[in-house]
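Notes for the one structure printed next.
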Amino acid sequence: MEIELLEIRDFLAHHPPFDALPAGELDELPRHMEVRYLRRGGDFPPPAPASHWLYVIRSGAIELRDDDGRLSEKLGEGALYTADCQLVDVSGPCRGVAAEDALLYLLPCERLEALRSRAPDFDRHFSASIRERLQFALGRQQGTGNDPGYMMAPVERLLKKEPVTASADTTIRDVARLMTREKVSSVVVMDGDTLAGIVTDRDIRARCVAEGLDVVQPVTAVMTREPHTLGRQSPVSEALLTMTRLRVNHLPIVEQGRLVGVLTSSDLAHHQSTSSPYVATQVRKAETVDELVAASRRLPELVVQLASSSATALHIGEAVSTITDAIAGRLLEMAEHDLGPPPVPYAWLAGGSQARREQSSHSDQDNALLLSDDYRPGEHGGYFEELARRVTAGLDACGFYYCPGDAMASNPRWRQPVATWRQYFDTWIRRPEPQSLMLASIFFDLRVVHGDRDLFTPLQRHVLEESSNNGIFIAYMVSNALHHRPPLGFFRTFVLVHDGEHDDTLDIKHRGVVPITDIARVYALSAGLAAVNTTERLAAAAQSGALSREGCDNLTDALEFIANLRIQHQARQISHARSPDNFMDPKGLSTLERDHLKDAFKVIKSIQETLANRYQAGRFG
């Protein structure tokens, strides 16, 4: 192959979707491509013969602008421009200009179509359905496992340290000293590179001390020969069944015959202790705040475990929020035990991400107390003040820190009877202002965690009726929902944060997750839908006809993809003993992840524009 063609081939081989092509197709491809040079300031696409082309940016930068001249996107090295081949692109019609001198590879559209027909993985990248692309990306994120439970995690996740080994001629005494020094309960005996056996502290007690065997004998005299082993990718469930069947507490873990670790029954017990059912059980059994704190400390490891087991962001949000609910409920039960029965019925309400069942780990707490209209401040106020103080303090001790905006039941403003809460919502809906819009993200997402649910149902019904009949309020909510825009200005990377502390990072929460949450809330309030969870709100909006089925599916997949990236980012931070945050370094994303994230952001942008046009939100923002 000529050197110029070889250079093109090597470049394409390292950039999706061309890296999905079979080797033969990739070798042949450069012969059908043209090379164009575009000077800075030149029009893009450049003037070309009558054929239509797919453009690959080899070097330089291209700015794309919409019909109003606004910057829509920036294309850098490895990016594709497909509009001339009439491939669907939700970013809308654009023309561009070279922001830097640019070198372009051009592939005729008819050649592209031929490749797509012969290479399914390559074709999937160009699917006209953005949902299909996102679902393909989700499949890559989540692996092939269907069971996100802790029992399906690979055993390698449980290995905490390197295996301790000894040669076959080591004495029993020296092995005992080795176990004591390394603080382990077993030593793997090796014959060169071959696993010969394993000796445990129980073996030394039963086969040496109890039998009066001389400790200067070689360890082979007391070891278990040719022990059963498991591969490092074996599921935890298989390890548990194997150890139970063989009645052993130690299993060597190997990879292609090479020893990589030893799994112990203690490792399994610790792993089980960070499963969501186990943590929830510990919460229910807790008798003190300290015991709740101990249970809550397992939450970060639970997130890591679920993330490594291919659990979806939706599943993880459900698991974490369920445990948070259990902690709040147990704190309320403990407070009632000390303070006595409540003088009037009440409902403890969770707000924000807990109410939506979308928590990813410890976060600030948002809550409120809804009291019966029989409540009399002078007679009952002291009881509920102390109850709220105890519960919010307990949540803070458990890692759900006090809300910086004081949106908690310990604040008297958010500890009120039903009639007062009804007045609050009527004021926010009928006379929307910046304060009410700020509170909307908390108090228009409420869910009963503990207490009398019948207090909340009629209030929620009233709020939804009022909001769905007030177009001005919804227009303000749309305007508020447009404040968080996806970072679509790609320029070899993303539009990044520049605030000193988080320089050159992408705020995946406020630029990705929050816009979808805000969109779903608008649809729920405008259509009078009782759902609170974002995914459920989108589904209900599609069911009611407020949102198209395509829009619902695309937003749902975009949310799951973005939220999964966020979960994986936080899990990595937790694994490295760092506090989880929402600021991702985009350099850690693969090219394919960046492409799919771009798809997800385009979905958000498209729906935001639809909402803005429908409600003319600009008049209110």
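None of the figures in this text is laboratory data; all of them are computed from the coordinates on show. Small disclaimer: the values here were computed from a predicted structure and weren't measured. Positions of Cβ are backbone-derived with ideal geometry, glycine not excepted, and every protein chain shown enters the neighbour counts.
A few points about this structure:
- Taking T264, T324, T457 and counting other C-beta atoms within 10 Å, the order from fewest to most: T457, T264, T324
- Contact order normalised by residue count of the chain, Cα under 8 Å, 6+ apart, percent: 12 percent
- Protection-proxy order for peptides 559-568, 411-420, each taking the mean of Cβ atoms within 10 Å per residue, highest first: 559-568, 411-420
- Mean separation of Cα contacts under 8 Å, 6 or more apart, over the residue count of the range 3-128: relative contact order %: 33 percent
- Cβ crowding within 10 Å, taken as a proxy for footprinting-reagent exposure, orders M408, M438 from fewest neighbours to most as M438, M408.
- Charges were assigned to the Cβ only: +1 to each Lys and Arg, -1 to each Asp and Glu. The resulting dipole of the range 3-128 about its Cα centre is roughly 140 debye.
- Listed from fewest to most Cβ neighbours within 10 Å, the set K587, K160, K602 follows the order K587, K160, K602.
- Of F583, A527, F601, farthest towards positive along the dipole that unit charges on Lys, Arg, Asp, Glu beta carbons give the chain: A527
- Cross-link partners of K161 among aspartates and glutamates, defined as those whose alpha carbon lies under 16 angstrom from its own and excluding same-chain residues fewer than eight positions apart: E182, E255, D267.
- For the range 505-519, putting each phi into the Karplus relation 6.51 cos²θ - 1.76 cosθ + 1.60 with θ = phi - 60° gives couplings of 10, 10, 7, 5, 6, 6, 9, x, 6, 4, x, 6, 4, 5, 4 Hz, in residue order, rounded to whole numbers and with x for Gly and Pro.
- Each Lys and Arg adds +1 at its Cβ and each Asp and Glu adds -1 at its Cβ; summed about the Cα centre, the chain shows a dipole of about 600 debye.
- Per residue, the average separation of C-alpha pairs within less than 8 Å and at least 6 apart gives the range 312-463 a relative contact order of 33 percent.
- Working ranking of peptides 373-384, 190-201 by packing, defined as the average number of other Cβ atoms within 10 Å per residue, highest first, is 190-201, 373-384.
- Of the peptides 331-341, 11-21, the ranking by mean beta-carbon count within 10 Å, highest at the top, reads 11-21, 331-341.
- Straight-distance crosslink candidates among aspartates and glutamates, where the alpha carbon sits under 14 Å from K509 and sequence neighbours closer than 8 are dropped: E358, D518, E560, D581, D585
- Sequence-distant residues sharing a close amide H with R447 (under 5 Å, placed H): A350
- Applied to the range 456-468, the Karplus parametrisation 6.51 cos²θ - 1.76 cosθ + 1.60 on θ = phi - 60° returns per-residue 3J(HN,Hα) values of 8, 4, x, 5, 4, 4, 5, 4, 5, 5, 5, 5, 5 Hz, with x for Gly and Pro.
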